[in-house]
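Since the structure comes first, as structure tokens, the remarks are kept for the end.
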Amino acid sequence: MLGESPVFWLQMLERELLLFALFWFIIGMVDELAMDAAYAWLRLRGRIHTAKLPPMTSEKPLSGQMAVFVPAWSEAEVIGTTITHMLQVWLQKNYRIYVGCYRNDAPTVLAAMAGAGLDSRLRLVIHDCHGPTTKADCLNRLYQALIVDERRSGQRFRAIMLHDAEDMVHPLGLAVIDSALDSADFVQLPVRPEPAKASRWIAGHYGDEFTEAHAKALVVRDALGAALPAAGVGCGIGRDMLDKLEKIRRNEGGSGPFAAECLTEDYELGLLVARSGGQGRFLRLRDAQGALIATRSLFPTTLPEAVRQKTRWIHGIALQGWDRMGWSSRPLELWMVLRDRRGPLTALVLAVAYLLLLVETILAWLTSQGHAAMLQTLPERMAHQSPFLHGMMVISTIGLVWRAVMRFTFTLREYGFAEALRSVLRIPLANIIAIMAGRRAFAAYLRTLAGGDVIWEKTQHRFHPAHPELARIPATVAAGDGR
């Protein structure tokens with residue numbers, strides 16, 4: 001064995017990498033096929049569909065006083081536009097926007113004040129700590145301000161809605177959440193990443209992933225009655241449930257309903273609602289003009305920003321979630337949690353697959369140079385050595401093609417043919433981002449196990465989707481165009 005040529009060792013490495021990659025590819029394919037089958041069956045049974053609302057305006061009064069929490073650190077470039085847009089398209093009077101700023105972030109404070117003008121529906125809350133803290137910590141500060149306002153006015157809020165500083169809301173978003181909370185404790189609307197012309201590939205891959213997740217996976221979870229993770233934006237939670245969560249956190253040593261030490265407090269919030277006996281709902285609706293009632297956002301446009309953001313998601317959902325939330329004994333919940341936490345494993349399997357491609361490239365080059373004239377192609381060698389391996393390769397290839405077809409189909413429905421075609425071409429890029437983010441998340445998690453602090457890497461927002469060309473359809477609804 002020790003005297004074998006480098007080509008022999010490359011072939012041995014190739015075989016082991018192939019076995020590992022194929023095994024996990026097929027496991028993942030079975031998981032995705034099960035989700036696809038559940039989606040198809042539920043659609044055929046009429047249990048899931050995207051309802052289209054009749055013509056209506058956003059002036060319908062809310063059932064009770066609503067609060068909208070918007071945490072903001074270093075968001076001077078977008079927070080003003082967000083507030084202005086909310087106040088313009090949400091025409092109800094009985095809601096209040098709580099914007100959480102920091103005492104050492106004057107530009108954001110000034111931009112928030114300018115965005116609201118003299119509208120009394122804005123409540124600016126200044127954190128008593130220097131920023132940045134975590135998003136959850138800022139939300140807890142807003143919750144404390146809400147309690148103070150309730151005591152002063154003697155009026156209890158009906159529910160709280162969560163949004164980020166860069167969100168573009170739909171005019172009917174507040175009203176449909178208010179209505180759904182009559183029969184639920186937690187409600188989530190879809191998130192719709194907006195295509196960025198300057199970043200068709202990096203920013204564009206978010207649209208591919210969110211569209212499939214929020215048009216299929218979360219719809220299936222809702223129909224099957226599984227716990228629903230919160231996206232942190234476009235979600236509403238009943239006031240009584242928020243109090244229940246605050247008591248749970250207080251028993252754990254916290255100071256509010258949101259886990260200040262958690263990188264993905266929104267994801268955990270949705271699952272905790274279900275574990276507390278609450279009812280969650282995912283609403284996928286379209287307005288009379290056919291526009292999806294969703295939260296529109298612009299996502300990172302550069303590779304480093306995308307990797308940092310996905311690092312936080314993987315670290316918070318997969319690794320912190322394992323520590324903090326544990327596992328469920330219910331088969332359905334266990335399946336969904338396994339899907340949520342597959343990020344690190346997915347990154348490892350993809351890295352192995354790309355390493356396999358590198359080894360294959362080296363072997364092909366050696367063959368072309370005459371250094372290994374007896375080498376066969378990979379399928380030929382595998383078929384000769386192991387028909388079972390050859391069968392695994394065929395199954396895996398079919399699975400990859402099917403995944404590309406599904407990605408194309410769901411992106412086509414929401415963004416059109418051009419973006420659907422790009423969605424298939426963006427798959428390798430999305431894989432590279434997943435690999436890089438998975439490695440960084442695992443390294444960050446190991447640091448926390450060694451006693452290091454949990455580092456919250458905030459996404460920097462420089463642009464806002466609420467421009468006339470992007471807001472055209474919602475603006476007509478807000479104006480009461482009932483065609």
Inset, instruction - Kindly write out, for region 335-350 in residue order, the coupling ³J(HN,Hα) from the Karplus curve 6.51 cos²θ - 1.76 cosθ + 1.60 (θ = phi - 60°), rounded to whole Hz, with x marking Gly and Pro. - result: 4, 5, 5, 4, 5, 5, 9, 7, x, x, 5, 4, 4, 5, 5, 5
Legend entry - Computed [θ] at 222 nm, helices only, for the chain once each DSSP H run of length n ≥ 4 contributes -39500 (n - 2.57): -17000 deg cm²/dmol
Inset, instruction - Report the FRET efficiency, 1/(1 + (r/R0)^6), for Ser329 and Ala114, where r is their Cβ-Cβ distance and R0 is 56 Å, rounded to 0.05. - result: 0.60
Inset, instruction - With a ≥ b ≥ c taken as the square roots of the eigenvalues of the C-alpha gyration tensor of region 391-463, please select rounded if a/c is under 1.5 and otherwise prolate if a/b is larger than b/c or oblate if it is not? - result: oblate
Inset, instruction - Indicate, rounded to the nearest 5 percent, the antiparallel portion of the DSSP beta bridges found entirely in the chain. - result: 25
Legend entry - Estimated D of region 237-363 in µm² per second, where Rh is the Kirkwood radius over Cα pairs and Stokes-Einstein applies at 4 °C, 1.567 mPa s: 73
Inset, instruction - Scan region 184-258 for GluC sites (Glu not before Pro) in coil per DSSP, keeping those whose Cβ has at most 13 other Cβ atoms within 10 Å, and list them by number. - result: Glu252
Inset, instruction - Treating the angle as unsigned and between 0 and 90°, give the value, to the nearest 10°, between the Cα long axis of helix 135-153 and the longest Cα principal axis of the chain. - result: 20
Inset, instruction - Taking just the C-alpha trace of region 250-293, give me its Rg and Dmax in Å. - result: 15.4, 48
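Quick one: accessible area per residue over the chain, 1.4 Å probe, rounded to a whole number of Å²?
About 45 Å² of surface per residue is accessible.
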Legend entry - Surface share of carbon and sulfur [accessible, 1.4 angstrom probe, percent] for the chain: 62
Inset, instruction - State the Kirkwood hydrodynamic radius of the chain in Å, one decimal place, computed from all pairs of distinct Cα atoms. - result: 24.2
Legend entry - C-alpha long axis of helix 427-449 to longest principal axis of the chain, angle in °: 70
Inset, instruction - Using 0.36 nm per residue of separation minus the Cα-Cα distance, give me the extension gain between Leu303 and Arg275 in nm, one decimal. - result: 6.4 nm
Inset, instruction - At 0.36 nm per residue, minus the direct Cα-Cα distance, what do Arg286 and Lys60 gain on full extension? Give it in nm, one decimal, please. - result: 79.7 nm
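The values are calculated or read from the model by the stated rules, or taken from the named source; none is laboratory data. It should be emphasised that the depicted structure is a prediction, and the values quoted were computed from it without experimental measurement. Ideal geometry is used to build each Cβ from the backbone, glycine not excepted, and the neighbour counts take in all protein chains shown. Side chains included, ligands, DNA and RNA excluded: accessible areas come from the protein's heavy atoms. Shrake-Rupley method; radii C 1.70, N 1.55, O 1.52, S 1.80 Å.
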